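To start, the structure under review is shown below, and the notes come after it.
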Amino acid sequence: MASVDSRKAAELDGKSVKAYYFWGRAALQLGQYGEAFSVLRRLTSSLTDKRLIDEDLERSRGHLLDESEEEEAKMEAHEGDRLLRG
């Protein structure tokens, strides 16, 4: 029944990696190799898109670090001004 439940979950949420994974694993354990291959192949093709997400995450992280460094430099400048004024 895990295969049926996972299939239904994947049909309800076509982007659910977890549902496709469990569907493929259940099909494999039931000896439904064609179905398992098809489902797991769909899953791996969606994981290829994950690289694009990872690239976007890394870009976002880079921008956040740049902003953080910029903010830190402003704080240091402000502290320097405060010390000069006494």
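The values are calculated or read from the model by the stated rules, or taken from the named source; none is laboratory data. Keep in mind the model is a prediction, meaning the values are calculated, not measured. Positions of Cβ are generated from backbone atoms using ideal geometry, with glycine treated the same way; all protein chains shown enter the neighbour counts.
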Inset, instruction - From (1) at pLDDT 75 or above; (2) assigned to a helix (DSSP H, G or I); (3) exposed (fewer than 14 other Cβ atoms within 10 Å of the Cβ), pick out the condition that doesn't hold for R7. - result: (3)
Legend entry - Complete set of residues in segment 33-53 that are at pLDDT below 70 and of a type outside the set (S, T, Y): D49, K50, L52, I53
